[in-house]
Amino acid sequence: MIIVIVGPTGIGKTKLSIELAKKYNAEIINADSVQIYKEVNIASAKIKPEEMENIPHHMLSTKSLKEKSTIYDFQKEGRKIIDKLLQENKNIIIVGGSGLYLKALLYDYELEEEKNEEYDYSAYTNEDLKKIADEIYENNGIHINNRKRLVRFITYYKKTGKIITDKTNKNTKKYDFKLIGLTTDRETLTIQINKRVDEMIKEGLIEEVKNLYIQKYPKIDTIIGCKELIPYFENKTTLNEAIENIKKDTKKYLKRQYTWYNNQMKDIKWFTVDINNFNSTIKEVIQYLK
C-alpha cells in the first residue's frame, strides 16, 4: 500500500505520516524539494530526529546545496526506493509539498538526465525569459510571471535539446496509491503559517540562514525562509520586515500549491483538519483508508 499526504506548511502532514506509519508498519519517503538538502533544516520545516519515532525516513538530507541536484535525480532515486520497498512488501507513506516532484515520482512523467552545464539567468527579466521560451516553442503555455518554470523550460531545452510538453501520460499513475490532502479554512491557515514562522525564528532560523549566507552556499536565494533574510543581512531591510516577507511568501506559495494539486492531481481526497483536535482528523483518514 502507498499513501500520499499533501498539504500546506503547518497543517499536520508530519504528524499524520507518523501515525499512519505506526498503524500500517510503513516507511516514509520525503517528497519535498528543499528537505533533501542537509544544510537546510529549520527553513524547510524538516522533521526532527526525535519526532521520527524510529520510523525509517527516506530522501531527507541526502544532498548538499553545493551539489548538482535535479528533478530527474529525485525521480530516479525516489523510484528506486519505492520499488525496493514494494519488493519487500513494505507499506509506504509519501509526504510532500512539492507538486512537481510528487508528479515526477508517482506518474508516468518522462524525464531525461541533463547535461552538467549550468546557466545563469540572473541578468534576464521575466520578459526576456518569456521571449526566449516562446522562440523555442510558441505554445508553451507558461505565464510570464512564472519565472521558475520559464527557467526550467529553457534550461531543459538547452541541456537535452527537447521540449517539455504536457503529454497525456503525465496523468497516468505509475504506482497504485491513495492521495490524502489536508486543508482548513483560510483564516486558520494564515494563523498556522504565522505561528510556524515564529516558531522557526525561535528555533534558530536566522542563525541557520546567516551561516549559509556567510559561507556563500548556492540556491539559498531561491528558498522561502532563506531568500527573505538576505536583504536583512545586507542591511537593506529590517528583521521584522524580513520575517513578514517570509510569512507573505509562504502564503503565496500555499496558494500555488493548492492550484497545482487541484489542476494536476484531481483524485485527492481532501480532509478539513481540526487543528484543536487533530486526532479526530487522523481517525477520519484511517476510516477512509479502510
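The values are calculated or read from the model by the stated rules, or taken from the named source; none is laboratory data. Here the structure is a predicted model, which is why all the values come from computation and not from measurement. Please note: Cβ atoms are built from the backbone with ideal geometry, for glycine as well, and neighbour counts cover all protein chains shown.
General remarks:
- Across the stretch 53-63, the number of residues qualifying as part of a loop (DSSP other than H, G, I, E, B) and crowded, with 16+ Cβ neighbours inside 10 Å comes to 5.
- When Ser69 is tested against (1) at pLDDT 90 or above; (2) closer than 20 Å to Ala104 by Cβ, only condition (1) is not met.
- Enumeration of residues in the stretch 234-266 that are surrounded by fewer than 15 Cβ atoms within 10 Å (Cβ to Cβ) and over 19 Å from the mean Cα position of the chain (by Cα): Glu234, Asn235, Lys236, Thr238, Leu239, Asn240, Glu241
- Residue that is farthest from Thr222 (Cα to Cα), among those in the stretch 264-277 that are in a helix (DSSP H, G or I) and in contact (Cβ under 8 Å) with a residue 40 or more places away in the chain: Ile275
- Qualifying residue in the stretch 76-93 (condition: under 20 Å from the mean Cα position of the chain (by Cα), in the same structural domain as Asn276 (by TED's automatic domain parsing) and modelled with pLDDT under 90): no
- Where a residue in the stretch 223-250 is in the same structural domain as Ser33 (by TED's automatic domain parsing) and its partner, wherever it lies, is of a type in the set (Gly, Ala, Ser), with Cβ under 7 Å and at least six apart: Ile223/Ala43; Gly225/Ala43; Cys226/Ala43; Glu228/Ala242; Leu229/Ala242; Pro231/Ala242; Tyr232/Ala242; Ile246/Gly225
The rows are residues; the columns are (1) out of contact with any strand residue (DSSP E or B) (no Cβ under 9 Å at 6 or more places or on another chain); (2) in a helix (DSSP H, G or I); (3) within 25 Å of Arg147 (Cα to Cα).
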residue: Asp221; (1), (2), (3): yes, yes, yes
residue: Asn262; (1), (2), (3): yes, yes, yes
residue: Thr281; (1), (2), (3): no, yes, no
residue: Ile286; (1), (2), (3): yes, yes, no
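- The stretch 1-43, residues that are acidic (Asp, Glu), over 14 Å from Ile286 (Cα atoms) and not in a strand (DSSP E or B): Asp32, Glu39
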